[in-house]
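Encoded as structure tokens, the structure appears first; notes follow it.
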Amino acid sequence: MKIESKSVEETLQAGRTFAATLKQGDVVCLEGDLGAGKTHFVKGMASTFGIDEATVSSPTFTLINEYKGGTLPLYHFDAYRLKSEQEALEIGTEEYLYGDGVSVIEWPSKISGLLPEDAIRVEITHQGDNSRTIHILGD
């Protein structure tokens, strides 16, 4: 699926629409450059699960942000700072990936050996100004 977004609101809406297709245990590999709109996409996802968008932030320095209290827990990872898959295991990544919620992982290539084969891939490409192309691969 390919979605063209021309604004922050359209990126939020794309996240909302996408999240409506997800279920417990789904893993989403989220790719995109800095400023591509990844966090806004996740904010939209969170709102579908009944989580306040305003509480969602990038997990760059925390590695994992947990959002609970909605219909499904949402676990938002940023694997960029991980040095190895072993480090990811030590912080409990597998418990999240095979747990009770939906996991969204930025920089998934850093922990590719830990990811389930049926992980859904989302690629967001910044096209300039507020335009983005969102590719959703797999289900």
Reported set for segment 114-132 where residues are within 16 Å of Lys2 (Cα to Cα), touching a residue at least 60 places away in the same chain (Cβ under 8 Å) and either open to solvent by 10 Å² or more (accessible area, probe 1.4 Å) or of a type in the set (Asp, Glu) (or both) is Arg121, Glu123, Thr125, His126, Ser131, Arg132
Ile111 vs (1) open to solvent by less than 70 Å² (accessible area, probe 1.4 Å); (2) part of a loop (DSSP other than H, G, I, E, B): all pass except (2)
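When you check Glu87 against the structure, is it surrounded by 15 or more Cβ atoms within 10 Å (Cβ to Cβ) and of a type in the set (Asp, Glu), yes or no? Walk me through it before giving the result.
Working: surrounded by 15 or more Cβ atoms within 10 Å (Cβ to Cβ): yes; of a type in the set (Asp, Glu): yes.
Considered against the rule, which asks whether it is surrounded by 15 or more Cβ atoms within 10 Å (Cβ to Cβ) and of a type in the set (Asp, Glu), Glu87 comes out as yes.
How many residues does segment 56-99 hold that are assigned to a strand (DSSP E or B), in contact with a helix residue (DSSP H, G or I) (Cβ under 6 Å, 6 or more places away or on another chain) and either without any contact (Cβ under 8 Å) to a residue 24 or more places away in the chain or β-branched (Val, Ile, Thr) (or both)? Reasoning before the result, please.
Filtering segment 56-99 for residues assigned to a strand (DSSP E or B) gives 64-67, 74-78.
Checking the rest, the ones that are also in contact with a helix residue (DSSP H, G or I) (Cβ under 6 Å, 6 or more places away or on another chain) come to 67, 74-76.
Keeping just the survivors that are either without any contact (Cβ under 8 Å) to a residue 24 or more places away in the chain or β-branched (Val, Ile, Thr) (or both) gives 67.
Counting residues in segment 56-99 that are assigned to a strand (DSSP E or B), in contact with a helix residue (DSSP H, G or I) (Cβ under 6 Å, 6 or more places away or on another chain) and either without any contact (Cβ under 8 Å) to a residue 24 or more places away in the chain or β-branched (Val, Ile, Thr) (or both) gives 1.
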Taking segment 10-24 and the residues there that are in a loop (DSSP other than H, G, I, E, B) and open to solvent by less than 80 Å² (accessible area, probe 1.4 Å), the one that is nearest to Pro116 (Cα to Cα) would be Leu22
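Scan Gly50, Gly70, Gly15 and give me the residue that is modelled with pLDDT of 95 or more and in contact with a Phe, Trp or Tyr (Cβ under 8 Å, 6 or more places away or on another chain). Break it down stepwise before answering.
Values: Gly50 fails: in contact with a Phe, Trp or Tyr (Cβ under 8 Å, 6 or more places away or on another chain); Gly70 fails: modelled with pLDDT of 95 or more.
Sole residue among the options that is modelled with pLDDT of 95 or more and in contact with a Phe, Trp or Tyr (Cβ under 8 Å, 6 or more places away or on another chain): Gly15.
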Out of (1) on the phi < 0 side of the Ramachandran plot; (2) open to solvent by less than 60 Å² (accessible area, probe 1.4 Å), the one Arg81 does not meet is (2)
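Here's a check for you: in segment 25-60, which residue that is polar (S, T, N, Q) and out of contact with any Asp or Glu (no Cβ under 6 Å at 6 or more places or on another chain) is most open to solvent (accessible area, probe 1.4 Å)?
Looking only at segment 25-60, we keep the residues that are polar (S, T, N, Q), and these are 39, 47-48, 55, 57-58, 60.
This time we only want the ones that are out of contact with any Asp or Glu (no Cβ under 6 Å at 6 or more places or on another chain), so: 39, 48, 55, 57-58.
On the way: Thr39: 37, Thr48: 53, Thr55: 76, Ser57: 59, Ser58: 53 Å².
Among residues in segment 25-60 that are polar (S, T, N, Q) and out of contact with any Asp or Glu (no Cβ under 6 Å at 6 or more places or on another chain), the one most open to solvent (accessible area, probe 1.4 Å) is Thr55.
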Do the conditions hold for Gly69, that is, is it open to solvent by less than 50 Å² (accessible area, probe 1.4 Å) and either hydrophobic (A, V, I, L, M, F, W, C) or out of contact with any strand residue (DSSP E or B) (no Cβ under 7 Å at 6 or more places or on another chain) (or both)? no
Answer yes if at least one residue in segment 23-31 is more than 23 Å from Leu137 (Cβ to Cβ) and either modelled with pLDDT under 95 or not hydroxyl-bearing (Ser, Thr, Tyr) (or both), and no otherwise.
no
Exception for Ser7 within (1) free of Cβ contacts under 8 Å to residues at least 40 places away in the same chain; (2) open to solvent by 30 Å² or more (accessible area, probe 1.4 Å); (3) of a type in the set (S, T, N, Q) falls at (1)
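The values are calculated or read from the model by the stated rules, or taken from the named source; none is laboratory data. As the structure is a computational prediction, the values presented were derived from the model and not from experiment. Counting neighbours? That spans all protein chains shown, and the Cβs are built from the backbone with ideal geometry, glycine included. Accessible surface is based on the protein model in full, side chains and every heavy atom, while ligands, DNA and RNA are left aside. Shrake-Rupley method; radii C 1.70, N 1.55, O 1.52, S 1.80 Å.
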